[in-house]
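Here's the structure we're looking at; comments come further down.
The values are calculated or read from the model by the stated rules, or taken from the named source; none is laboratory data. Because the structure is a prediction, the values reported are computed rather than measured. Heads up, the Cβs are rebuilt from the backbone with ideal geometry, glycines too, and the neighbour counts pull from every protein chain shown. SASA here: full protein model, heavy atoms, side chains in, ligands and nucleic acids out. Shrake-Rupley method; radii C 1.70, N 1.55, O 1.52, S 1.80 Å.
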Amino acid sequence: MSTAGGSGPVGSGAARDGIWSRARSVIPGGVNSPVRSFRSVDGEPFFVERGEGAYLVDTEGRRYLDYVLSWGPLILGHAHPAVTRALEEQLGRGTSYGAPTVGEVELAERLVRLVPGIEMVRLVNSGTEATMSALRVARAFTGRTRFIKFAGCYHGHADPFLAAAGSGVATLGLPDSPGVPVEAVENTILLPFNDLGAVEQTFARQGDSLAAVFLEPVMGNAGLIAPVAEFLEGLRALTARHGALLVFDEVMTGFRVGLGGAQERYGVTPDLTVLGKVIGGGLPVGAFGGRAAIMSQVAPAGPVYQAGTLSGNPLATAAGNAQLAWLEENDPFDRLEAYGRRLVDGITAALGSAGIPASGTVVGSMWGIFFHPGPVLSFETAGQAATARFARFHREMLSRGIFLAPSAFEAGFLSVLHGEDELEFTLEAALAAARAI
């Protein structure tokens, strides 16, 4: 069976080569976000002409079954009627006002109603902006400056979060990018994900100086890594005991692993929550929210300054409200997770039949495969995966019309339009790809 793909080898065609050459001459590396370059899979990107449901169509007419979905926002698939209808209606009324709208109030009310840890919320323009702002608020509220993050958790590209793990359990961060001064990360402490003992030791030594613990409750930027039992609960207890704030970065997991995010799924309520992706329906958006006592510190209610010309943009709030309303009404998460489990089981079985060790994880509508026998519970273990073999698998799948994230360290995503035909097509492609590598 074949429901996607096209003729000719991936990366061929004068048209694609011409666009790629033009892009590299005017955009650093030819792309506006690094992973789009396909460098980590030794390839070159295709250029998208349009999206259709669960599929992308490139500028050469090739069709791909899409498991990237704009890196998470498109849980309803491409150009879903509920979202496009809302956008068309808003376009006729304008694109930005610089003044409050009913749409942003409605989106805020929806987030407060659905996400357990949010009593008040501020809309911003990106996940990076949201995490940067959440850190500022946490520091102001606690009067402390140091914070913990976990190796492999990505919280945007603001300076304090761009730190790589050192050799010790609680090593101070070192800059992870040129242009980030040591001073910017000297208050960042890096620890291994899923290692509660390391967190306990850090709080025992430095608890009075820690403003917050930041983490993705389900790690999605090192492949998909779920929390082990008691890890989130342990973080909640430690932060409460020492007067630090627990901050869940649910930019990926929000409305992806369940209607109320990871905090609802695991029954652990953070002090602050960071959101993005799904809440904008495919348009640029971010949000940070939490307990009213904390959020009342944000200007103009309080002294912590945060502002943005396009925050609460009417197009983004229209798309976000439409998408979240659909999710509320239809609650597709059990079906999506069942699809994900069959998908991951099928791909790992296909790889196993070719003698390739692999393991996988599914949480809600997110999924991931490691070319490693598993279990993979931390970034350190994820780094032991066979990335070169994944790169070959990625190219083979792409040549068969399956678009996977072009990195061994990224989660995959599902939409409500991925169905039985798409599953069958993917598993047939995976079996052929496994045999080819």
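Among the candidates VAL251, VAL180, VAL228, single out the residue that is at negative phi, at pLDDT below 95, open to solvent by 10 Å² or more (accessible area, probe 1.4 Å) and not hydroxyl-bearing (Ser, Thr, Tyr). Walk me through it before giving the result.
Numbers: VAL251 fails: at pLDDT below 95; VAL228 fails: at pLDDT below 95.
Answer to the check: VAL180.
With respect to the conditions (1) open to solvent by 20 Å² or more (accessible area, probe 1.4 Å); (2) among the β-branched types (Val, Ile, Thr); (3) within 24 Å of GLU44 (Cα to Cα), THR381 lacks only one, and its number is (3). One residue stands out among those in the stretch 334-382 that are modelled with pLDDT of 95 or more and among the aromatic types (Phe, Trp, Tyr): the one that is nearest to ALA433 (Cα to Cα), which is PHE371.
Considering (1) part of a loop (DSSP other than H, G, I, E, B); (2) open to solvent by 50 Å² or more (accessible area, probe 1.4 Å); (3) farther than 24 Å from SER177 by Cα; (4) not hydrophobic (A, V, I, L, M, F, W, C), the lone condition that HIS157 does not fulfil carries the number (3).
State yes or no: is ALA287 surrounded by fewer than 23 Cβ atoms within 10 Å (Cβ to Cβ) and on the phi < 0 side of the Ramachandran plot? Taking the combined requirement at face value, the residue does not satisfy it.
Within the stretch 142-151, the residues that satisfy the criterion of being within 18 Å of the chain's Cα centre (by Cα) and crowded, with 24+ Cβ neighbours inside 10 Å are LYS149, PHE150.
Of the numbered criteria (1) of a type in the set (A, V, I, L, M, F, W, C); (2) outside any strand (DSSP E or B); (3) surrounded by 20 or more Cβ atoms within 10 Å (Cβ to Cβ); (4) at pLDDT 95 or above, the one ALA204 fails is (3). Here ARG139 clears all of (1) open to solvent by 50 Å² or more (accessible area, probe 1.4 Å); (2) touching an Asp or Glu at 6+ places or on another chain (Cβ under 8 Å) except the condition numbered (2).
Within the option set ASP58, ASP42, ASP17, ASP66, being farther than 26 Å from PHE255 by Cα and surrounded by 15 or more Cβ atoms within 10 Å (Cβ to Cβ) holds for one residue only, ASP58.
Taken over the stretch 384-401, the criterion of being open to solvent by 50 Å² or more (accessible area, probe 1.4 Å), outside any helix (DSSP H, G or I) and either without any contact (Cβ under 8 Å) to a residue 60 or more places away in the chain or on the phi > 0 side of the Ramachandran plot (or both) is satisfied by GLN384 alone.
Just wondering, is there one or more residues in the stretch 414-434 that are under 23 Å from GLY254 (Cβ atoms) and of a type in the set (Phe, Trp, Tyr)?
Filtering the stretch 414-434 for residues under 23 Å from GLY254 (Cβ atoms) gives 414-418.
The next check asks that each one be of a type in the set (Phe, Trp, Tyr); those that pass are none.
No, that holds for no residue.
Please work out which residue is nearest to PHE193 (Cα to Cα), limiting yourself to the stretch 383-405 and to residues that are at pLDDT 95 or above and within 19 Å of the chain's Cα centre (by Cα). Checked the stretch 383-405; the qualifying residue nearest to PHE193 (Cα to Cα) is ALA405.
Candidates ALA108, ALA134, ALA82: the one that is in contact with a Leu (Cβ under 6 Å, 6 or more places away or on another chain), assigned to a helix (DSSP H, G or I) and either in contact (Cβ under 8 Å) with a residue 12 or more places away in the chain or crowded, with 17+ Cβ neighbours inside 10 Å (or both) is ALA134.
Check ALA244, ALA198, ALA212 and return the single one that is crowded, with 18+ Cβ neighbours inside 10 Å and under 24 Å from the mean Cα position of the chain (by Cα).
Working: ALA244 fails: under 24 Å from the mean Cα position of the chain (by Cα); ALA198 fails: under 24 Å from the mean Cα position of the chain (by Cα).
None of the other options fit; the residue is ALA212.
Select from the stretch 115-131 the residues that are in a helix (DSSP H, G or I) and open to solvent by 10 Å² or more (accessible area, probe 1.4 Å) and write down the one among them that is nearest to ARG265 (Cα to Cα). Per the stated criteria, the residue is GLY127.
Regarding the stretch 41-54, can at least one residue be identified that is modelled with pLDDT under 95, part of a helix (DSSP H, G or I) and over 19 Å from GLY401 (Cα atoms)? Taking every residue of the stretch 41-54 in turn, none turns out to be modelled with pLDDT under 95, part of a helix (DSSP H, G or I) and over 19 Å from GLY401 (Cα atoms).
Taking the stated definitions as given, is ALA222 part of a strand (DSSP E or B) and either touching a residue at least 60 places away in the same chain (Cβ under 8 Å) or open to solvent by 10 Å² or more (accessible area, probe 1.4 Å) (or both)? Taking the combined requirement at face value, the residue does not satisfy it.
Every residue in the stretch 281-313 that is touching a Leu at 6+ places or on another chain (Cβ under 9 Å) and β-branched (Val, Ile, Thr), please. Correct list: VAL285, ILE294. Among the residues of the stretch 373-394, are any of a type in the set (Asp, Glu) and in contact with a helix residue (DSSP H, G or I) (Cβ under 7 Å, 6 or more places away or on another chain)? Checked against the condition, which is being of a type in the set (Asp, Glu) and in contact with a helix residue (DSSP H, G or I) (Cβ under 7 Å, 6 or more places away or on another chain), the stretch 373-394 yields no hits at all.
The residue pairs whose first member lies in the stretch 59-76 and is farther than 18 Å from PHE47 by Cβ, whose second member is open to solvent by 50 Å² or more (accessible area, probe 1.4 Å), and whose beta carbons are closer than 7 Å, counting only pairs six or more residues apart or on different chains, are GLY72/LYS277; PRO73/LYS277; LEU76/TRP326. Apart from one condition, GLN263 fits all of (1) in contact (Cβ under 8 Å) with a residue 24 or more places away in the chain; (2) within 24 Å of PHE147 (Cβ to Cβ); (3) outside any helix (DSSP H, G or I); the exception is (3).
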